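The values are calculated or read from the model by the stated rules, or taken from the named source; none is laboratory data. Note that the structure is predicted; figures quoted are calculated from it, not measured. Neighbour counts run over all protein chains shown; Cβ positions are idealised from the backbone, glycine included. Keep in mind that these areas ignore ligands, DNA and RNA; they rest on the heavy atoms of the full protein, side chains included. Shrake-Rupley method; radii C 1.70, N 1.55, O 1.52, S 1.80 Å.
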Amino acid sequence: MHYAVRIFRNTVVEARFSSLVVSLCVIAMRLGLFSVSEIPSAGFPDTGYLWRFCEHWFSDPTISFIAATLSVFLIAWMIARLNSRFSLIRNRTHLPFIVPLILFSVHPYFLRMTPDYISIFFILCALFPLLSSFHRDETYLYSAQSGVFLAIASLFQIYSLLLVPLWWRGEASMHGVHLRSFLSSFFAVLLVFWSVFSVCFFFDDLPAFTAPFSYLALFSLPDLPAFSPGHWVLVIAVGLFFGVYMFLSIKTYIRDKVLTLSAIQFMIYLLIFLLLFQMVYWSQGVFFLSLGIALLSYLIAYFYTLTTSKVNIYAGYFVFLLLIGYYVLNYFSLFPAV
């Protein structure tokens, strides 16, 4: 093993206090952005049912910042827990916790509490029963659990509902195609929305039930050419960032165990559609991009935990410096916010 790889493993990947050190640095980074930047306003419509009832709790910028920071740490913990629960990465690593903290802390947008964080949390929860169904009997129980989590996520962001048919692809890769599992997932989602419909019907407010679905028809692809040159550079850079690490993770997972292979394949499958959905619904928010960052952070952690190439490690240092540079640009307001 090359010296650079060994140092990286000992000081970052497997170091006992790396998570604590990075956590403190991330908190300092977020505090720094918060002290010099205004937390961006909502800017995007509320597309869920429940966020309107709790949005006022985060009207104060400081409370919103604290809630967003706690949400980022919760998402990072969920990703790390997913990895340890199913031993997807067989090596000891702290990167599944570290990487999402960094990626969610380089732009002021992630300083504000949004329904995206809540939806991402429930979507990550839906991954647990999905992976638990791997080569199990009576998989319809796990499908129903995933369906409930996805439906709850859509109560905060209706766009989460678009993940339901994508989830069936993941279930097929975990335990094959079973009609009973498909139906249990479908009826689990239907049960949650039937409950919402019943409440709206009871209060004689059926337009409140149908309103979020109208956002699914608001496509914004024709508006993309209106981006400024700076925005186009950022969009292309983000696309390359996603594409490169999806490609690198594919080269890595082909020699891993079957569960890990199926999980990584499904994450890449989701990421491709998330990028497409983000392009289509760009003017409606960045929920798909935020969820994509959460999933991509695991692919990055997976790749850098297993790589033994010094070139990849040096490239990782370079990417880290680029992220820090982007943070500095945002800190001094030298780059237009997206």
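Of the GluC sites (Glu not before Pro) found in the stretch 1-104, those that fall in a DSSP loop while having at most 13 other beta-carbon atoms within 10 Å are GLU38.
In a DSSP loop and with at most 14 other Cβ atoms within 10 Å, the trypsin sites (Lys or Arg not before Pro) in the stretch 255-338 are ARG255, LYS257.
In the chain, helical runs assigned H by DSSP with n ≥ 4 each contribute -39500 (n - 2.57); averaged across all residues and rounded to the nearest 500, the mean residue ellipticity at 222 nm is -23500 deg cm²/dmol. Taking N as the residue count of the stretch 34-188, its C-alpha radius of gyration divided by 2.2 N^0.38 Å amounts to 1.16.
Between PHE182 and LEU322, the C-beta separation translates, for a Förster distance of 56 Å, into a calculated FRET efficiency of about 0.85.
Near SER154: Cβ cut-off under 14 Å, other residues only, Lys/Arg at +1 and Asp/Glu at -1. The net charge is -2. A dipole drawn for the stretch 1-128 from +1 and -1 charges on Cβ atoms has a positive end, and of PHE122, THR11, VAL72 the residue lying farthest that way is THR11. Here the accessible area of the stretch 100-178 is 66 percent carbon and sulfur, with a 1.4 angstrom probe and all protein chains present. Membrane-span-like helices in the chain, defined here as complete DSSP H runs extending at least 24 Å along the helix axis by their C-alpha atoms with mean Kyte-Doolittle hydropathy no lower than 0.5, are 18-36, 61-86, 115-132, 140-156, 179-202, 229-253, 258-280, 287-306, 310-331; this is a sequence and geometry rule, not a statement about a membrane. Counted without the sites themselves, the longest stretch of the chain free of chymotrypsin sites (Phe, Trp or Tyr not before Pro) in a DSSP loop having at most 11 other beta carbon atoms within 10 Å is 18-202.
What is the percent carbon and sulfur in the accessible area of the stretch 1-79, measuring with a 1.4 Å probe over the protein chains and ignoring ligands? Before the final figure, lay out each step's value.
Numbers: 3070 of 4410 Å².
Answer for the stretch 1-79: carbon and sulfur cover 70 percent of the accessible area.
The separation of the stretch 1-39 from the stretch 151-181, counted between C-alpha centres, amounts to 34 Å. Near LEU127: Cβ cut-off under 13 Å, other residues only, Lys/Arg at +1 and Asp/Glu at -1. The net charge is +1.
Nothing charged except the Cβ atoms of Lys and Arg (+1) and of Asp and Glu (-1): what's the magnitude of the dipole of the stretch 1-82 about its Cα centre? Round to the nearest 20 debye.
Details: 6 positive and 5 negative charges, 105 e Å.
Here the stretch 1-82 has a charge dipole of around 500 debye.
Simple spin-label estimate for PHE247 and SER59 gives 5.0 nm between the two label positions (7 Å along the Cα-to-Cβ direction from each Cα).
The residue list TRP168, PHE186, TRP282 was ranked by how far each Cα lies along the charge dipole of the chain toward its positive end, using unit charges on Cβ atoms, and TRP168 comes out on top.
Summed over the residues of the chain and divided among them, the accessible surface reaches 48 Å² per residue at a probe radius of 1.4 Å.
Taking other residues whose beta carbon is less than 15 angstrom from the beta carbon of TYR140, and scoring Lys, Arg as +1 and Asp, Glu as -1, yields -1.
From largest accessible area down, sort MET113, MET279; use a 1.4 Å probe on the protein chains. Walk me through the intermediate numbers first.
Numbers: MET113 15, MET279 90 Å².
Sorted by accessible area, descending: MET279, MET113.
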